[in-house]
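Enquirer: Supplied in structure tokens, the structure appears directly below.
The values are calculated or read from the model by the stated rules, or taken from the named source; none is laboratory data. Computed from a predicted model, the values in this text were never measured in an experiment. Positions of Cβ are generated from backbone atoms using ideal geometry, with glycine treated the same way; all protein chains shown enter the neighbour counts. The area values use the complete protein model at the heavy-atom level, side chains included, leaving out ligands, DNA and RNA. Shrake-Rupley method; radii C 1.70, N 1.55, O 1.52, S 1.80 Å.
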Amino acid sequence: MADQSRQGAAAETTVCVPALLCRRCVRLLSRHVRDVPGVSSFEVDAGRGLLRVRGVVDPAELRAALASAGFSGDRCEHRDISM
């Protein structure tokens with residue numbers, strides 16, 4: 001059995017970003033999201049217009065990063081996951 005005290009709980013947040021139309025958009029978004037405190041990893045699905053962020057992230061900081069990259073984002077889903 002794994003020691004729960006050593007395993008941190010992480011969160012996964014999925015954000016709808018419908019303006020992801022090209023690779024340049026994805027690169028721009030990626031540069032801003034990776035610098036948000038608490039982001040452990042992220043995945044961009046440009047075809048579906050989704051950004052999945054793993055880690056304990058302040059939603060306001062994530063929205064600010066999206067806005068600074070020129071995107072608006074709507075939070076679609078947030079759930080806790082075990083690492």
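Enquirer: For region 29-61, what are the residues that are aliphatic (A, V, I, L, M) and more than 12 Å from VAL17 (Cα to Cα)?
Expert: VAL33, VAL36, VAL39, VAL53, VAL56, VAL57, ALA60
Enquirer: Could you list, ordered by first residue, the pairs with Cβ atoms under 9 Å in which the first is in region 36-60 and on the phi < 0 side of the Ramachandran plot and among the acidic types (Asp, Glu) and the second is surrounded by fewer than 16 Cβ atoms within 10 Å (Cβ to Cβ) and part of a strand (DSSP E or B), at least 6 apart or interchain?
Expert: GLU43/ARG52; ASP45/ARG52
Enquirer: Return yes when ARG79 is of a type in the set (D, E, K, R), at pLDDT 85 or above and open to solvent by 50 Å² or more (accessible area, probe 1.4 Å) and no when it is not.
Expert: The answer is no for ARG79.
Enquirer: When the residues of region 49-60 are filtered to those that are open to solvent by 30 Å² or more (accessible area, probe 1.4 Å) and touching a strand residue (DSSP E or B) at 6+ places or on another chain (Cβ under 9 Å), which remaining residue is modelled with the lowest pLDDT?
Expert: Looking at residues that are open to solvent by 30 Å² or more (accessible area, probe 1.4 Å) and touching a strand residue (DSSP E or B) at 6+ places or on another chain (Cβ under 9 Å), I get PRO59.
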